[in-house]
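One structure is given below, encoded as structure tokens.
Just so it is clear, none of the values below were taken in a lab; they were calculated from the coordinates. On a predicted model such as this, the values are computed, not experimentally measured, just so you know. Note that we place each Cβ from the backbone using ideal geometry, even for glycine, and neighbour counts take in every protein chain shown.
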Amino acid sequence: MLYRWVFRESADPDKISTVQNENNIDALLAQLLVERGLVEGEQIERFLNPDLNQLHDPYIMRDMAKAVKRMVKALRDGENILIYGDYDVDGITGVSLLYDGLFKLGGKISFYIPNRITDGYGVSPRGIKTAAERNVSLILTVDCGITAVDEVSIARNLGIDVIICDHHEPSEEIPEAVAILNPKQKNCPYPCKELAGVGVAFKFLQALYGHLGYDLTDLEPFLDLVAIGTAADIVPLLDENRVFVRLGLERINTNPRHGMFALLESASILGRELDVSLIVFVLAPRINAVGRISSAKKAVHLLTSTSLQQSRNIARILESENKIRRDIDEITCNQAIDLIGRSIDLEKSKVLLLAQKDWHPGVIGIVASRIMEKYNRPTILISLTDGIGKGSARSTPNFDVYNALSRVSHLLENFGGHKFAAGLTIREENIEPLRDAITQISDQLIDSDDLAPTLDITAEISLRQLDAKFLKWLKMFAPYGPQNMRPVFVTKNIEIAGDVNVVGNNHLKLKVRNDGIVIDAIAYNLGDVSMQIRPNSQKLDVAYVIEENTWNGQTTIQMRIKDLNLI
């Protein structure tokens with residue numbers, strides 16, 4: 001076993017019984033609904049069948065009326081408008097969304113995405129200078145800007161107004177912008193606090209289009225971009241985020257834009273039903289790759305292209321640069337693991353802070369995620385060049401990395417982010433003081449028991465419970481993601497039915513039998529277990545999720561094993 005299996009405490013049995021009887025469903029399905037706080041019929045209906053009418057009034061968001069008023073003036077007067085976005089998937093899809101949305105309203109639009117290495121994260125003086133050179137009078141940021149106090153001041157002195165669309169945590173001092181759209185800012189009553197940056201941008205378009213007399217359905221062509229950015233940014237898939245991702249996925253699967261079609265084609269998943277997992281592990285790395293290796297502008301051109309041939313040309317570039325990115329990832333990850341083995345006592349270190357000269361700053365965020373998953377510890381990776389370190393932090397649910405960095409901000413040149421991910425800039429001489437300070441904070445906040453990897457188990461079941469009705473309902477719980485995770489089941493004393501094979505990159509593939517039911521199963525990265533299995537006699541306790549697998553046009557139910565115990 002790789003994990004300690006933690007069985008979830010059962011929800012209120014009376015509520016489970018009520019939901020079961022009122023909906024004529026299995027008790028386990030009723031349990032899944034109650035665990036998500038869904039008891040009333042209307043709540044359940046909204047969860048299982050999200051639609052655009054569930055979206056909140058965008059004008060609840062603070063400063064929305066100001067932002068719409070300023071944009072209407074810019075459109076009416078033919079002003080030059082610059083969309084300024086971040087270079088990750090959230091920022092790229094946000095820029096693409098606003099570019100398409102404002103262009104269709106007749107706007108004179110250009111965009112700017114900073115260079116990760118020369119500009120760094122967020123709004124930069126160089127970007128403001130570019131806006132001035134383009135005779136821009138209005139900048140609209142997306143997925144950045146909430147900490148750009150000095151940069152917004154520079155823009156104002158140049159006669160450039162700024163509207164900020166962001167979702168990151170605000171600092172004590174906020175920029176003097178014309179309007180700030182951020183549900184996390186003080187005195188903002190907007191109920192959905194965990195929108196991605198592209199989600200905030202969509203709310204702005206929702207308000208703007210509504211003001212100009214358009215119908216909500218006129219925004220449907222943009223939902224694919226909102227879904228990609230929202231899923232890739234790993235925000236909770238509840239409330240509006242659930243609506244965005246469910247409807248956006250439906251659009252991609254039925255009517256993809258040229259850029260999305262070409263991206264699916266180049267990634268060899270065209271024809272498969274796209275879900276959140278494929279976004280996170282297949283599409284997002286390709287969109288991210290150009291921002292890490294060269295220029296994120298290519299990804300915006302892809303997602304806004306009106307030519308299929310142009311889209312295919314750009315998609316091939318993304319595919320090529322993603323292969324380069326993977327090679328750099330692998331080298332950097334191996335170096336980080338070696339550094340841990342040589343210099344870190346895992347018995348004492350609850351947070352991993354690693355620094356090395358000339359690590360590629362475009363991949364340290366990805367590698368930090370891989371290290372965090374491998375060692376189950378919050379991880380900060382810092383790339384050093386000429387005495388300055390640029391770092392990326394990724395964190396586990398039990399450690400708010402943004403809050404921790406806020407407490408040591410005197411050691412940093414700048415930082416930004418949220419609970420699970422952050423970026424920072426630091427002088428080399430402050431790295432050891434940062435390590436000491438973070439160690440003290442983590443000792444206060446992280447229990448030693450939290451360092452042991454656990455697997456949250458929904459319930460123990462028999463494979464016979466996975467009948468057609470159960471599977472149909474389970475599919476309606478998607479899209480899965482943070483705060484709506486795919487249920488993990490345990491079935492004990494499973495028999496192996498037939499041969500056990502190792503396929504792909506050390507993946508275990510087999511058929512299993514329980515209670516007369518035989519089902520296909522795959523266990524990623526567990527191929528080594530095949531050497532321990534006794535043919536024809538081995539039984540297993542298995543922790544798994546249920547998903548659909550499409551191969552050669554055929555879709556079947558598959559058990560994806562997350563952990564197993566040989567009996």
Checklist line | Shape of segment 358-412, Cα gyration tensor, a/c cut at 1.5 | finding: oblate
Notebook entry, point to check: What is the fewest-to-most order of Asp14, Asp541 by other Cβ atoms lying within 10 Å of their Cβ?
Noted result: Asp14, Asp541
Checklist line | Amide proton proximity set for Lys562, modelled H, under 5 Å, gap of 5+ | finding: Ala543, Tyr544, Val545
Next item on the list: Please get the size of the charge dipole for segment 54-236, origin at its Cα centre, with Cβ charges of +1 on Lys and Arg and -1 on Asp and Glu, quoted in debye to the nearest 20.
Entry: 540
Notebook entry, point to check: Which chymotrypsin sites (Phe, Trp or Tyr not before Pro) from segment 147-217 combine a DSSP loop assignment with at most 16 other Cβ atoms within 10 Å?
Noted result: Tyr214
Notebook entry, point to check: Which ³J(HN,Hα) values in Hz, rounded to whole numbers, follow from the phi angles of segment 329-345 under the Karplus curve 6.51 cos²θ - 1.76 cosθ + 1.60, where θ = phi - 60° and Gly and Pro get x?
Noted result: 3, 4, 4, 5, 5, 4, 5, 5, 5, 4, 5, 4, x, 8, 10, 10, 8
Note to self: For a quick check: with amide H placed at 1.01 Å from N, whose amide H comes under 5 Å from Asn414's, ignoring anything fewer than 5 positions away on the same chain?
What the structure shows: Thr425
Checklist line | Kirkwood Rh and Cα Rg combined as Rg/Rh, the chain | finding: 0.97
Notebook entry, point to check: Out of residues 5 or more away from Asn484 or on other chains, whose amide H comes under 5 Å of its own, with H placed 1.01 Å from N in the peptide plane?
Noted result: Leu237
Checklist line | Cα shape, segment 142-194, gyration tensor, a/c 1.5 rule | finding: prolate
Notebook entry, point to check: Based on the mean of other beta carbon atoms within 10 Å per residue, what is the order of 27-35, 53-61, most packed first?
Noted result: 27-35, 53-61
Next item on the list: Give a residue-ordered list of calculated ³J(HN,Hα) values for segment 27-36 (Karplus: 6.51 cos²θ - 1.76 cosθ + 1.60, θ = phi - 60°; whole Hz; x for Gly, Pro).
Entry: 4, 5, 5, 4, 4, 4, 5, 5, 4, 8
Notebook entry, point to check: In debye, nearest 20: dipole of the chain around its Cα centre with unit charges on the Cβ of K, R (+) and D, E (-)?
Noted result: 1140
Check: What residue among Ile139, Gly120, Ser110 has its Cα farthest toward the positive end of the dipole of segment 108-147, where the charges are +1 on Lys, Arg and -1 on Asp, Glu, each on the Cβ?
Finding: Ser110
Item checked: Karplus-derived HN-Hα couplings along segment 189-198 (A = 6.51, B = -1.76, C = 1.60, θ = phi - 60°), whole Hz, x at Gly and Pro -> x, 4, x, 8, 7, 9, 5, 6, x, 5
Next item on the list: Calculate how many DSSP beta bridges within the chain are antiparallel, expressed in % of all such bridges and rounded to the nearest 5.
Entry: 60
Next item on the list: Could you work out the relative contact order of the chain, using alpha carbon pairs under 8 angstrom and six or more residues apart, expressed as a whole percent?
Entry: 12
Item checked: Farthest positive-ward along segment 256-343 dipole, Cα basis, beta-carbon charges - from Leu302, Pro256, Ile328 -> Leu302
Notebook entry, point to check: So which of Lys348/Lys562; Lys298/Lys374; Lys66/Lys186 end up more than 26 Å apart by C-alpha?
Noted result: Lys348/Lys562; Lys298/Lys374
Item checked: Helix-only [θ]222 nm of the chain, DSSP H runs n ≥ 4, -39500 (n - 2.57) each, per residue, nearest 500 -> -12000 deg cm²/dmol
